[in-house]
């Protein structure tokens, strides 16, 4: 169940970050409100996940997968450029998350 909570926390964090972009600097009401709702719920589910998971693993997975998903959303939805250096950096983040989990 803890991994499900962690997965929900990641999805909610990515939703909140997407709303951050959509809020246009808090100038749009609905995305601005949803930003806080999604981030708040993300922290709730992350807290539930770390009841059973090591915080080092949970936080690494939460932040690493969130970063990777946001890069993908930025590329596909917001049409942001994917440079070679950005690709390498995201790959290193993913390798780090895998390394933290394998070290367990």
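Computed from the coordinates by the stated procedures, all read-outs in this text should not be read as laboratory data. Because the structure is predicted, anything quoted here is derived from the model rather than measured. Positions of Cβ are generated from backbone atoms using ideal geometry, with glycine treated the same way; all protein chains shown enter the neighbour counts.
I'm spelling it out carefully: the read-out is percent of Cα pairs over 24 Å apart, the candidates are [x] 38; [y] 25; [z] 29, and one was derived from this structure. Which label?
[z]
Which FRET efficiency, nearest 0.05, do residue 88 and residue 7 yield, Cβ-Cβ r, R0 25 Å? Don't jump to the answer; show the numbers that get you there.
Details: r = 26 Å, r/R0 = 1.04.
Once the sixth-power term is evaluated, E becomes 0.45.
What whole-number distance in Å separates the alpha-carbon centres of the stretch 5-43 and the stretch 62-99?
Their Cα centres are 18 Å away from one another.
May I ask you to compute the full-extension gain from residue 63 to residue 80, defined as 0.36 nm times their residue separation minus their alpha-carbon distance, rounded to one decimal in nm?
Values: separation 17, 0.36 × 17 = 6.12 nm, distance 2.01 nm.
Working it through step by step, the gained length comes to 4.1 nm.
Once all Cα-Cα distances of the stretch 63-104 are split into 5 Å bins that start at 0, what whole-number percent is in each one?
6, 24, 27, 22, 12, 6, 3, 1
Tell me, 13, 80 in order of fewest to most beta-carbon neighbours within 10 Å? Walk me through the numbers before you get to the answer.
Working: 13 24, 80 14.
Least to most surrounded, the residues fall as 80, 13.
Give me the one-decimal nm value for the distance between modelled label points at residue 47 and residue 72, 7 Å along each residue's Cα-to-Cβ direction.
2.9 nm
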